[in-house]
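The values are calculated or read from the model by the stated rules, or taken from the named source; none is laboratory data. Note that this is a predicted model, so its numbers are computed, not measured. Reconstructed Cβ throughout: ideal geometry from the backbone, glycine too, with neighbour counts over all protein chains shown.
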Amino acid sequence: MGFSLLELLVSMVVVAFLLAAGMPGLQQTSERVQMAVWSERVMLLLQQRKAFAMAEDRSITVDLASLATELPPRLLLTHNFYAGAPLSFEGASGFARAGSLELRNGGYAVKIIISGLGRIRRCQSAGQRLSGLRPC
């Protein structure tokens, strides 16, 4: 015995309603995961550039404009570096130009702070709590 058209339509409406009810939670989870992954990637890229500068014993400048183009469309990168004072890591010492970058996505914001001694760390500057990150 098969299903009637009315039974199929009712079941499709119920499934659509359940999916629509779960979408906001799914979108929020997606934003949270995307923020955690991309902030970790950017931090690892900066640590890689620092290690390269130390290994090669020469200054390395990080091109933040090209980094911003590689990010997903909904992720916004802001920073306090400028053309006269770009983000750079010195040779053997690993010292850096101090400053910060901030990644924003929906209701989340993560700040990556670079100290003059070359220390790179992350903290959460806005939004709901992300696991593994302290507030700034």
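Could you run through the range 27-49 and say how many residues are over 25 Å from P135 (Cβ atoms) and crowded, with 18+ Cβ neighbours inside 10 Å? Quick ask: steps written out before the conclusion?
Initial filter on the range 27-49 (over 25 Å from P135 (Cβ atoms)): 48-49.
Filter again for crowded, with 18+ Cβ neighbours inside 10 Å, leaving 49.
Result for the range 27-49: 1.
Would you say L9 is among the aliphatic types (A, V, I, L, M) and closer than 25 Å to R129 by Cα? I'd like the intermediate steps shown before the answer.
Values: among the aliphatic types (A, V, I, L, M): yes; closer than 25 Å to R129 by Cα: no.
It is false that L9 is among the aliphatic types (A, V, I, L, M) and closer than 25 Å to R129 by Cα.
Annotation for the range 59-78: at least one member residue is over 22 Å from the mean Cα position of the chain (by Cα) and under 28 Å from G118 (Cβ atoms).
None of M35, M43 is at pLDDT below 90 and not in a strand (DSSP E or B) except M35.
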